[in-house]
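The structure appears below as structure tokens.
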Amino acid sequence: MPPKAKCAKLAGEAKLTEAKKVSTPGEVHGKGLPTPTIKEPSAKKVATPKIPKIPEVPKAPRSLQAPDRSKAPTASTADKAVEKALLLRGPRPYGQPVMWADSRQGLCETCPQFRAFQGGIYCSGAPNHLVHGLLVDGGSGPRDIMTEEVLVTRAGGSRAVDANGQHQYNGNQTGDSRFVKGFQNAMTKMTLVLVIAGSNKQGATCQMPHRYSVLGWFVTTDVWCEIENGYTAWMVRLQKADLKNKSWFADAASGPTPLSATLEPVTVPIQICRVCLKSTCQIYEQGWACLDIGCEAHFKFFVSADDGPEEQLHVDAQSLRFTQAFLNYRVQYNTPDGSELPPIAPPLPTDEDKLGIHGFEQRCKEGIVCPECGCCSRRIYWDRWECDNVRREKDENNQLMMTKNCHYVHRVKQYPMSVADAQRLSSKPPKALCQPLVGVREFYNHAGYHVTIYDLPGDSGEMVGSVSIFKSDAFINARSGGANDIFGNIQLVDLGLKRNPCKKDSKGAYEVVTAHWSANFGADYKFHVKQESIGFQHAPPVIVDATKMLVGAGKAAVGADSSATAGFTGFNECLAVGYFANAHMGYHDDGEAQLGPTVASLSLGGLATMQWRPKKKSGGCGLKKGKLAYTDMLSVRIQHGDIMVMHGAGIQKCYEHKVDPHGSLRFALTSRYICPEALSDDERAAAIVDGALPSEDAAIDA
Ligand SMILES: O=C(O)CCC(=O)C(=O)O
Ligand SMILES: [Fe+2]
């Protein structure tokens, strides 16, 4: 149920015809919660409203503009660090969050209300913008407020840090911004917003116990536009939805009574703008201003002398303060069906959920909230979740050491999938694409595959390498030791598939793991992604058999490649990659200096699209002087049993590729040649042993 009246723009539709400050005591609604009151207008005074003269300057009055800070002394880095530490230091929290994360990836993969890997607002797209989650972290604006029940912050907008370390707006934020619309919709629809506080949040009520701590469900009570630093800047006020229980992020010394229970009923005075006739609450101590961005009098402060004309007040926007009434008023939130608030932590997926019948579905790919410690835990392992709550410490060699703080493990049954199911569960792939600049050759090879070779162009039309697609069919796949057998067997062995670290987050603090699961066999392959490797002598037979099949395809493709400058070297490595529903592998190349010029990959299970595009900086190959950078040159559909062979070092230098699976379960087994001569003595000795394929001559035809 919506509140009876809300402040600022929210109450703007109450078209009062009298420009009069209302200060009658507020009614008390619901459970003793005060709400602002609007006094009905007197019929007599409907006459022409008194319109004050508004200066026609479109810019904010001088006094509303930010003071010139260009001559202010610049704080030293050390001073800034001390200042920041002081700002961040706060009392100990009253309780602990039920859900938290130490990495942004952990938060975003676990929390459905906050999938924003960048920025602080998670908002659904057009046409129905709606804010679902808000992260408050880092520097705050002059009027950012956090109490144990109310949060006032900016609704997005572009900001830059000035010489004094202050976050200042550096451009106008319009009311059309998706975040403004998203908050306005959340306010009018009274939908819940999940609020998270980062450990760098300045002005927080307490020390945040984790990098990201979920504060709880909030409702949006006010959205309005200020003028800051000469620019329009939108603000939002949110209030905790559950006022019955004490907030965990209150000061530990504040006692068990929720803040709202200690507040006197308040009234937020409402005044009607004489220019636009819309009503707006007085939210600043310094006086009342119309907060309707479309009004000529927007953000202009007036005083009216008794019976005299109103005068514009020169108010320094930097020094504006909110009234206590604005901070202390509360709205009563009820869920649409009167039920309890939804749990903050999404429920654990279990076997009984009937998530899907296989256990590779989207929900299984997402993170879980550890029921023992509340840590948002990513699905790192192929067959289980392990709690992500780890302590990170540097050892005496300055190496990052991770020790588990919590040993919780969760599993959902995974059922082996048939080839037919994997294909049936694939969604429709996008259209294949082949630009005219790409050369195309086709033939059938002796093993029965229909082979299409795509020659990819370089700078001036010369071919830099080829992509061969070996199209399989039901007959080829059903051969003994063929793709169907490999797909079946690969699901029966534990490959040790894992999402491995691929990059640090923006602060270099915590790892980000890949969106797919992988395990390496044969010679060590640790170039893109750091990972363990198992030599072919210890690898499951299915991996060895598949690598032999890829050796056959590599030979056939290189033999048919007229642009080949180097012969086929064989393969000494096989990377097994597994994809759940909606997992993917983003743009990359396979062109490390230690790798041979041929890469071959066998696709198993669901359908996928593989795409090639010229790189932005293609190392001198800039097609048409870089004009074709990031243009999709080739996009092919890859089905169960198909083999893709890339040949030519130039292709890795000039192009990058990505893979988007369309099914709910897919594997790719990709073989490369790691050149022993490019390795150190120790690495070379290991690569020779680990990368030797048992009985090479028994290669399966492809
Ligand atoms: O998933 C695939 O088909 C290919 C994966 C790939 O490009 C790689 O492992 O480098
Ligand atoms: Fe690749």
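The values are calculated or read from the model by the stated rules, or taken from the named source; none is laboratory data. Since the structure is predicted, the reported quantities are computational estimates derived from the model, not experimental observations. Heads up, the Cβs are rebuilt from the backbone with ideal geometry, glycines too, and the neighbour counts pull from every protein chain shown. Just so you know, the surface numbers come from the protein's heavy atoms only, side chains and all, with ligands and any DNA or RNA stripped out. Shrake-Rupley method; radii C 1.70, N 1.55, O 1.52, S 1.80 Å.
Using a 1.4 angstrom probe with every protein chain in place, what is the largest-first accessible-area order of Arg672, Arg391?
Arg391, Arg672
Roughly how much of Ser518 is accessible, in Å² to the nearest 10, using a 1.4 Å probe?
Spelled out: Ser518, probe radius 1.4 Å, area about 10 Å².
Using the C-alpha gyration tensor of segment 351-410, what are the square roots of 5 times its eigenvalues, in whole angstrom, with the largest one first?
In descending order the semi-axes read 29, 12, 8 Å.
In segment 95-205, how does Rg compare with the Kirkwood Rh, expressed as the Rg/Rh ratio over alpha carbon atoms?
0.95
Accessible area, 1.4 Å probe, largest first: how do Ile344, Ile272 sort?
Ile344, Ile272
In segment 189-313, if every C-alpha pair distance is counted and binned at 5 Å from zero, what percent goes to each bin?
So the P(r) values, bin by bin, are 2, 8, 13, 17, 16, 14, 12, 9, 5, 2, 1, 0.
First select every other residue whose beta carbon is under 14 angstrom from the beta carbon of Ala678; then total the charges, Lys and Arg +1, Asp and Glu -1.
-4
Take each of the peptides 544-555, 582-593, average the number of other beta-carbon atoms within 10 Å over its residues, and list them starting from the highest.
For the peptides 544-555, 582-593, the packing ranking is 544-555, 582-593.
Determine the order of Lys278, Lys240, Lys617 by accessible area, beginning with the largest, at a probe radius of 1.4 Å.
Lys617, Lys278, Lys240
Just list whichever of Lys471/Lys653; Lys498/Lys526; Lys431/Lys615; Lys431/Lys627; Lys189/Lys246; Lys394/Lys498 have alpha carbons separated by over 18 Å in the model shown.
Lys471/Lys653; Lys431/Lys615; Lys431/Lys627; Lys189/Lys246; Lys394/Lys498
Over segment 419-692, what relative contact order in percent results from Cα pairs under 8 Å that are six or more residues apart?
27 percent
For segment 351-410, what does the accessible surface come to per residue with a 1.4 Å probe? Please give it in Å².
53 Å²
Which of the three applies to segment 302-446, rounded, prolate or oblate, going by the alpha-carbon gyration tensor with a ≥ b ≥ c and a/c under 1.5 meaning rounded?
Judged from the Cα gyration tensor, segment 302-446 comes out prolate (a/c at least 1.5, a/b above b/c).
For segment 419-692, build the convex hull from the C-alpha positions and give me its volume per residue in Å³.
Value for segment 419-692: 136 Å³ per residue.
How large is the direction-averaged shadow of the alpha-carbon convex hull of segment 252-302, in nm²?
If you wrap the Cα atoms of segment 252-302 in a convex hull and average its projections, you get 5.3 nm².
Counting other C-beta atoms within 10 Å, and keeping those with at most 13, which DSSP coil chymotrypsin sites (Phe, Trp or Tyr not before Pro) do you find in segment 96-189?
Sparse-neighbourhood loop chymotrypsin sites (Phe, Trp or Tyr not before Pro): Phe117.
Roughly to the nearest percent, how much of the accessible area of segment 419-692 is carbon and sulfur, given a 1.4 Å probe?
Within segment 419-692, the accessible surface is 54 percent carbon and sulfur.
How many angstrom separate the Cα center of segment 648-691 from the Cα center of segment 170-211?
Here the answer is 44 Å between Cα centres.
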